[in-house]
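Q: Right, I'll just put the structure down here and ask away after.
The values are calculated or read from the model by the stated rules, or taken from the named source; none is laboratory data. The shown structure was predicted, so the numbers you read here are calculated from the model rather than taken from an experiment. Cβ: placed from backbone, ideal geometry, glycine included. Neighbour counts: every protein chain shown. Protein only, heavy atoms only, side chains kept; ligands, DNA and RNA dropped before computing areas. Shrake-Rupley method; radii C 1.70, N 1.55, O 1.52, S 1.80 Å.
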Amino acid sequence: SVLPAAIPNLLLNGSDGIAVGMATKIPPHNLGEVINAITAYIDDNDIDVAGLMEHLPAPDFPTGGIIYGQDSIRQAYGTGKGSVVVRAVAEIVEGKKDDYSIVITEIPYAVNKSTLVEKIAELHKEKRISGISDLRDESSRKGIRIVIELKRDAYPKKILNQLYKLTPMQSAFHVNMLALVDGIQPRVMSLEMILREYLKHRQTVVRRRTEFELRKARERAHILEGLKIALDNIDEVIKTIRAAQSTDEAQANLIKRFKLSVLQAKAILGMQLRTLVGLERQRLEDELADLIKLIAELEKILADESEILRVIREELAEMKARYGDERRTKIIPHELGKFSEEELVPNEQVIVTLTAGNYIKRIASSTYKSQGRGGKGIMGMTTKEEDVVEHLVLTQNHDYMLFFTNKGRVFRLKVHEIPASSRTAKGAAVVNLLQLQPEERVTSLITFGAKPDGTYLFMATKYGTVKKTPLSDYANVRANGLIAIKLDDGDELKWVKLTSGQDEIIMSTALAQALRFKETDVRPMGRATRGVRGMRLRAGDSVVGMDVVVPGTQLLVVMENGYGKRTKIEQFTTHARGGVGIKAGVVNSKTGRTLDVRAVTDIKEDLVIVSIQGQVIRLALSGISLIGRATQGVRIMRMNEGDKVASVALVGDAKIEEELAEKPAGGKQ
């Protein structure tokens, strides 16, 4: 499209350049960002590529998509040649029947949608991509929408990665900024060179335009001055014209009598009688006055180069206001396969929330403010029907997080790779992050920094099996996961803790039985092993919690109907591994079954409780009564009818908050 003031099409849409465009591989850019970069160059001619990229960070394709890698963009801007990796925008969406589909809403620039759909169908037909059950193009005027339905036994994340690899859903846009300078010399130009040549071009255009407007204004003012002389001496002008025998004679007499130019004399002779009307006379005088002001302004512009730059800046600002729009292409700073986002993400304290339906999100821990015991809380998140919040983990953005699944597999991510969401948002499906098998779900999360606090991972299953494995066995976790424990039929891996090898473990059950035993009772084992019996269960019972205890700690017991208590750990004597344990509480219709039991070491912490219906409360741990082990506890959260506690977490450690307050955002902890 042609825009006023001739913004360089070389940057806007890859077509004609500063003079005659020769390049065919120049990506389009966002108009507002281009104008910001030009304005920055006007203000500072010595600005470098890094400074220009603050205003013009990357190309902006009309089809959207995601650009990866600022280094490649910096190279293209700095040398005039480079390659920009662009990916389609695709999301893994969960269906109503526990199946998944991949929905593509944006595709890379210059990729034909129909060709892309045909390519996907061809790959499926050739069995290079398996697991696709249906492929539909649901695009409309509202935008692109390609739906790829997957079979129930398919791996959604794996198929999406295959699509990026084998189809144009991931493309490299090669940049070659070749253009004619002054219509003569073809040159490969950097971003700074393009802006410099464009600015020179605009200065020439504004100067020539101003000179043209000044010439026209002076010519018109000259005519108006002659008409004004005629009106001021109208009787003599009429007498002179009437005395002449011809037009040429009248023109010559007017020039001689009133010292006019030929143009002025001709204008007087062509003057109509209506000019004698008072209003017409006033209009002529006003026009002459305006022209005198305009001539002064135009002369001022031509006399000072900074005035020309001011005009260029004002025209750019006006164009940005009229034609500017939002960026369509998202920018991911790191290169694909070269994640280094720690430099861009502050190392702040966050809470990672995971639901039973495997929806995950990351939010700042300051979102939840402390309330008094017995309060109702605030809305914490929107969940799907029949979905509940299961895990809340306090961590920091630069830490690692291990994801353990019910099938005994483990995956690893950096915390900042988990999508950040608002307090009430549902979050993202875990299958967008991990290559989960059909009917596999994450059951336990564990987080640790660059220097872990423990040397072992201690695991416990739903039916009482335990296992201890060195943390070093998980130094390298493949993208498709590793086996963490071999499970018996029907059993599930539920809890994993970091331990030192010399700790004590406590396991608790839904019927309020608790067993405390020494970690040394469990020998270290490799990853792909079964483990040993940790606790013997009674009929209808199952493990609901496993934690690490040290002398002087307290045991926090939370029941599903909102009751809870604290009990001194000394009341739970140490027994041999494999026993049934001793009573940790009272289970009845009022309290409900035991939901969570864990060891606490600092009552200055806060307790966050999430219910099945999504209610969240944060209260001081010190506000929960310290009572005996064989008691039902006190009400700590008032439940709505039909609601029950779904998950609990400890947050707001005073020591951690002090450390964070003392260190700048993004500093190492």
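Q: Could you name the aspartates and glutamates whose alpha carbon sits less than 18 Å from that of LYS165, not counting residues in the same chain fewer than 8 places away?
A: Result set, ordered by chain and number: GLU91, GLU106, GLU118, GLU122, GLU126, GLU335.
Q: Can you compute 3J(HN,Hα) from phi for each residue in the range 604-612, using the Karplus curve 6.51 cos²θ - 1.76 cosθ + 1.60 with θ = phi - 60°, rounded to whole Hz and x for Gly and Pro?
A: After applying 6.51 cos²θ - 1.76 cosθ + 1.60, I find 7, 5, 10, 10, 9, 10, 10, 9, 4 Hz.
Q: Oh, and also: For the range 248-303, which trypsin sites (Lys or Arg not before Pro) are both in a DSSP coil and crowded by at most 13 other Cβ atoms within 10 Å?
A: In loop regions of the range 248-303 (DSSP not H, G, I, E or B), the sparsely surrounded trypsin sites (Lys or Arg not before Pro) are LYS259.
Q: Tell me, Kirkwood radius of the range 119-217 from alpha-carbon pair distances, in Å?
A: The answer is 18.8 Å.
Q: Ignoring ligands, DNA and RNA, how do THR115, THR631 rank by accessible area with a 1.4 Å probe, largest first?
A: Ranking THR115, THR631 by accessible area, largest first, yields THR115, THR631.
Q: Another one. Kindly report, to the nearest 10 Å², the accessible surface of ASP48 as traced by a 1.4 Å probe over protein heavy atoms only.
A: Roll a 1.4 Å probe over it and ASP48 shows about 90 Å².
Q: How much accessible area per residue does the chain have, counting only protein heavy atoms and a probe of 1.4 Å, in square angstrom?
A: That works out to 48 Å² per residue.
Q: Could you tell me which trypsin sites (Lys or Arg not before Pro) in the range 534-588 are loop residues by DSSP with no more than 12 other beta carbons within 10 angstrom of their beta carbon?
A: Taking the range 534-588 and a limit of 12 other Cβ atoms within 10 Å, the loop trypsin sites (Lys or Arg not before Pro) found are ARG538.
Q: Under the Kirkwood approximation for Rh and a Cα-based Rg, what ratio Rg/Rh is obtained for the range 176-332?
A: Rg/Rh: 1.24.
Q: Where in the range 282-319 does the label zone of ARG220 land, with the point 7 angstrom along Cα→C-beta and an amide N cut-off under 19 Å?
A: 282-302
Q: Out of all Cα-Cα pairs in the range 217-284, roughly what percent, to the nearest whole number, are more than 19 Å apart?
A: 26
Q: Right, next: For the range 46-51, what does the Karplus curve 6.51 cos²θ - 1.76 cosθ + 1.60, with θ = phi - 60°, yield as ³J(HN,Hα) per residue in whole Hz, taken in order and with x for Gly and Pro?
A: Values per residue, Gly and Pro as x: 9, 5, 9, 4, 4, x Hz.
Q: Moving on to the next point. Measuring from centroid to centroid over Cα atoms, what is the spacing of the range 121-196 and the range 236-250 in Å?
A: The distance from the Cα centre of the range 121-196 to that of the range 236-250 comes to 80 Å.
Q: Return the carbon/sulfur percentage of the accessible area of the range 120-179, one whole number, probe 1.4 Å, all protein chains in place.
A: Exposed carbon and sulfur together represent 46 percent of the surface.
Q: Working out 0.36 nm times the residue gap between ASP488 and GLU249, then minus their Cα-Cα distance, what length gain in nm do you get to one decimal?
A: Difference between extended and current length: 73.9 nm.
Q: Using only Cα atoms, what Kirkwood radius does the range 405-529 have, in angstroms?
A: 15.9
Q: If the reach is capped at under 27 angstrom between alpha carbons, list the lysines near LYS259, excluding any in the same chain fewer than eight residues apart.
A: LYS216, LYS228, LYS239, LYS293
Q: While we're on this one: Could you give the longest part of the chain that holds none of the GluC sites (Glu not before Pro) found in DSSP loops with at most 13 neighbouring Cβ atoms within 10 Å?
A: 440-640
Q: Can you compute the FRET efficiency between GLU348 and GLN185 using 1/(1 + (r/R0)^6), with r the Cβ-Cβ distance and R0 = 51 Å? Round to the nearest 0.05.
A: Efficiency at R0 = 51 Å is approximately 0.45.
Q: With every protein chain present, what accessible area does HIS222 have (1.4 Å probe, heavy atoms only), rounded to the nearest 10 Å²?
A: Accessible surface of HIS222 is approximately 60 Å².
Q: Please list SER472, SER500 from largest to smallest accessible area, probe radius 1.4 Å, with all protein chains kept in place.
A: The ranking, largest first, comes out as SER472, SER500.
Q: Still on this structure, please answer the following. Multiply the residue gap between LEU135 and ALA425 by 0.36 nm, knock off their C-alpha separation, and tell me the result in nm, one decimal place.
A: In short, 101.5 nm is gained.
Q: Return the lysines within reach of LYS590: Cα separation strictly under 25 angstrom, same-chain partners fewer than 8 residues apart disregarded; answer none if there are no such residues.
A: By straight Cα distance, LYS590 reaches LYS376, LYS462, LYS565, LYS568, LYS644.
Q: Expressed as a fraction of 2.2 N^0.38 Å, the rule-of-thumb size for a compact globular protein of N residues, what is the C-alpha radius of gyration of the range 497-597?
A: In units of the globular-protein estimate, the range 497-597 measures up at 1.09.
Q: Across every pair of different alpha-carbon atoms, what Kirkwood hydrodynamic radius in Å does the range 54-200 reach?
A: When all Cα pairs of the range 54-200 are included, the Kirkwood radius is 17.4 Å.
Q: Please compute the length gained on full extension between ASP44 and VAL103, using 0.36 nm multiplied by the number of residues separating them and subtracting their Cα-Cα distance.
A: Roughly 16.8 nm would be gained on extension.
Q: Determine the alpha carbon to alpha carbon distance for each of LYS125/LYS486; LYS414/LYS518; LYS81/LYS320 and list only those over 30 Å.
A: In this structure, LYS125/LYS486; LYS414/LYS518 exceed 30 Å between Cα atoms.
Q: What FRET efficiency would be calculated for the residue pair GLN203, SER83, taking the C-beta separation as r and a Förster radius of 41 Å, to the nearest 0.05?
A: 0.80
Q: Follow-up question, since we're still on this one. So, in nm, how far is label ARG196 from label ASN588 when the simple model puts each one 7 Å beyond its Cα toward the Cβ?
A: 8.6
Q: Defining a contact as two alpha carbons under 8 Å apart and six or more residues distant in sequence, what relative contact order in percent does the chain show?
A: Normalised by residue count, the contact order of the chain is 11 percent.
Q: Please list, by residue number, every one of the trypsin sites (Lys or Arg not before Pro) in the range 113-204 that is coil in DSSP and has at most 12 other beta-carbon atoms within 10 Å.
A: The qualifying sites are LYS127, ARG128, ARG141, LYS142.
Q: Can you work out the base-10 log of I(q)/I(0) for the chain at q = 0.08 1/Å, using the Debye formula on its C-alpha atoms alone?
A: Debye curve over Cα of the chain, log10 I(q)/I(0) at q = 0.08 Å⁻¹: -0.77.
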